[in-house]
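The values are calculated or read from the model by the stated rules, or taken from the named source; none is laboratory data. Predicted, not measured: the structure shown is a model, and the values here were computed from it. Here the Cβ positions follow ideal geometry from the backbone for every residue, glycine too, while neighbour counts run over all protein chains shown. Accessible surface is based on the protein model in full, side chains and every heavy atom, while ligands, DNA and RNA are left aside. Shrake-Rupley method; radii C 1.70, N 1.55, O 1.52, S 1.80 Å.
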Amino acid sequence: MAELAINGGTPVRVAPFPRYNTIGDEEKKAVMEVLDTGVLSQFLGTWHPDFYGGPRIQKLEKEWAEYFGVKHAVTVNSATSGLYAAAGAAGVGPGDEVIVSPYTMIASATAALVYGAIPVFADIDPDIFCLSPQSIRQRITPFTKAIIVVDIFGHPADMDEIMAIASENNLIVIEDNAQGPGALFRGRFAGTLAHMGVFSLNYHKTIHTGEGGVIVTNDDELAERLQLIRNHAEVVVRGKGVQNLVNMVGFNYRMTEIEAAIGSEQLKKLKSLVEARQANAAYLTERLRGLPGLTPPTARNDATHGYYVYSIRYDATATGVSRERFVEALRAEGLGLNAGYVLPIYLEPMYQQRIAFGKDGYPFTYSGYQGVVSYEKGICPVTEQMHFNELICGDFCHANLGREDLDDIVAIFVKVFTNIAELR
Ligand SMILES: *Cc1c(COP(=O)(O)O)cnc(C)c1O
């Protein structure tokens, strides 16, 4: 038996795995065409035809809306900006609560805070790591205004159930689909299943423009509010004749023409890039599922998974080896991966100490907020169990990984399992 690398043996994989890179000649050509025009952004922050941006922005928005089958697509400079704009468009404000997943990139929750609202964390379902409808129900109070649901790792949340809860309680739902563009839920695209959906085009995502984001909606009024918040709403409302001034404080969330031109090329590649992830995930899952104590990711019957993150549940009682030691052993064999994903958001210092804006703890201490919120350890037991004990994850499925790479990944797991006694 080969000795484990963690104990001084030879690693299965010494050469680094290929980097994910989706940028090719198409993007280069598109960028050069923009540079030749000299107009790198055509937005004007005033009520004028250029309020909506230049030709490439409008082209990408049209293509995005067609591709995803929605009425409106609004480009922004990041999904973070997109989430903030969506919270603003939803009318979220001081005194409100917004129910959000604790197991997500931080901006999903910060979107509530920036409008003076209180993030309330509901728990996740352990098979897909997305918000649990049952837990959402338990968190609804008279102060709940909105739900921010995340299609984490690329698997759609239980959206029909969540939209039903929202309609019973008159809530707005924002779907953060930064991680699952191209995934499906009951035949419809993830990201299009709520009142507003937010996509990310940052460098790390399945398709990207360096930095960027897109918000989609079928609601004309929400679309207008998003466009206003993106582009200096407070000076535009007068000329545009906008009546509802709630949250019409504007920002500069505008995407450039260069990013939009890249975005159009990237969108053409989305389908094949997602299919490659799905094929790679299927190959890995087939080979890993027999290993004791490992539960590879799966899609629910009514959904497809985008596999932005490949998530494995690890059962230390089945192996007798702690998750941390198991992950260290895999790393030593040449596989980069993480124990857990992100710290459950409520355990971050800002929530533990309740300091956000100013030194007095706004909005947590705002006198107009009549609810009671807890950020104690233990409020989301499934999330904590996944994060602190079970989850192992990594970027194992991307389109630049070939068969040999996947076989090495499998060989790394098999080697560690074959020699698991050495780790006990
Ligand atoms: C990446 C990501 C974001 C933020 O995207 P940016 O475009 O970098 O602002 C938001 N939510 C989730 C779930 C993400 O993965």
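For the range 318-342, what are the residues that are open to solvent by 10 Å² or more (accessible area, probe 1.4 Å) and among the aromatic types (Phe, Trp, Tyr)?
Tyr341
Kindly indicate which of Phe185, Phe189 is buried (at least 18 other Cβ atoms within 10 Å of the Cβ), in contact with a Gly (Cβ under 9 Å, 6 or more places away or on another chain) and more than 25 Å from Glu26 (Cα to Cα).
That would be Phe189, the only listed residue that is buried (at least 18 other Cβ atoms within 10 Å of the Cβ), in contact with a Gly (Cβ under 9 Å, 6 or more places away or on another chain) and more than 25 Å from Glu26 (Cα to Cα).
Looking at the range 296-316, is at least one residue in a loop (DSSP other than H, G, I, E, B), in contact with a strand residue (DSSP E or B) (Cβ under 7 Å, 6 or more places away or on another chain) and open to solvent by 20 Å² or more (accessible area, probe 1.4 Å)?
Yes: one or more hits.
Could you run through the range 205-224 and say how many residues are within 16 Å of the ligand (Cβ to nearest atom), in contact with a strand residue (DSSP E or B) (Cβ under 7 Å, 6 or more places away or on another chain) and among the aliphatic types (A, V, I, L, M)?
3
Can you name the condition, by its number, that Arg277 falls short on among (1) at negative phi; (2) part of a loop (DSSP other than H, G, I, E, B); (3) surrounded by 19 or more Cβ atoms within 10 Å (Cβ to Cβ)?
(2)
Can you tell me which condition Tyr20 does not meet? The list is (1) open to solvent by 10 Å² or more (accessible area, probe 1.4 Å); (2) in contact with a Gly (Cβ under 9 Å, 6 or more places away or on another chain); (3) in contact (Cβ under 8 Å) with a residue 40 or more places away in the chain, and all the others hold.
Tyr20 satisfies every listed condition except (2).
Taking the range 144-165 as the region of interest, how many residues are within 16 Å of the ligand (Cβ to nearest atom) and of a type in the set (D, E, K, R)?
1
Name the residue that is nearest to the ligand (Cβ to nearest atom), counting only residues in the range 70-111 that are within 20 Å of the chain's Cα centre (by Cα), assigned to a loop (DSSP other than H, G, I, E, B) and not hydroxyl-bearing (Ser, Thr, Tyr).
In this case the residue turns out to be Met105.
Residues being of a type in the set (D, E, K, R) and more than 24 Å from Phe189 (Cβ to Cβ): count how many of those fall in the range 43-98.
Within the range 43-98, residues that are of a type in the set (D, E, K, R) and more than 24 Å from Phe189 (Cβ to Cβ) number 3.
Taking Leu391 and the conditions (1) under 30 Å from Ile23 (Cα atoms); (2) within 19 Å of the chain's Cα centre (by Cα), which numbered condition does it fall short on, given that it satisfies the others?
(1)
When both residues are 6+ apart or on different chains and their Cβ atoms are under 6 Å apart, which pairs have a first residue that lies in the range 175-204 and is near the ligand (Cβ under 8 Å from one of its atoms), and a second that is among the polar types (S, T, N, Q) and in a loop (DSSP other than H, G, I, E, B)?
Leu201/Thr209
Considering only the range 365-402, state which residues are aromatic (Phe, Trp, Tyr) and touching a strand residue (DSSP E or B) at 6+ places or on another chain (Cβ under 7 Å).
Once the filter is applied, which keeps residues that are aromatic (Phe, Trp, Tyr) and touching a strand residue (DSSP E or B) at 6+ places or on another chain (Cβ under 7 Å), the range 365-402 yields Tyr369, Phe396.
Of Val39, Val31, which residue is more than 18 Å from the chain's Cα centre (by Cα) and closer than 21 Å to His208 by Cβ?
Val31
With respect to the numbered conditions (1) over 26 Å from the mean Cα position of the chain (by Cα); (2) crowded, with 20+ Cβ neighbours inside 10 Å, which one is the sole condition not fulfilled by Pro292?
Only one criterion is unmet by Pro292, namely (2).
Sort out which residues of the range 152-167 are touching a strand residue (DSSP E or B) at 6+ places or on another chain (Cβ under 6 Å) and either in contact (Cβ under 8 Å) with a residue 40 or more places away in the chain or closer than 25 Å to Met386 by Cα (or both), and write them in order of number.
Phe153, Pro156, Ala157, Met159, Ile162
Restricting attention to the range 321-342, which residues are part of a loop (DSSP other than H, G, I, E, B), farther than 12 Å from Asn389 by Cα and not β-branched (Val, Ile, Thr)?
Glu333, Gly334, Leu335, Gly336, Leu337, listed by residue number.
Regarding the range 76-89, can at least one residue be identified that is more than 30 Å from Ile409 (Cβ to Cβ) and among the aromatic types (Phe, Trp, Tyr)?
yes
Just the residues that are in a strand (DSSP E or B) and within 27 Å of Gly394 (Cβ to Cβ), please, taken from the range 147-161.
Listed by number, the residues that qualify are Ile148, Val149, Val150.
Among the residues of the range 257-267, is any in a strand (DSSP E or B) and within 16 Å of the ligand (Cβ to nearest atom)?
No, every residue in the range 257-267 fails to be in a strand (DSSP E or B) and within 16 Å of the ligand (Cβ to nearest atom).
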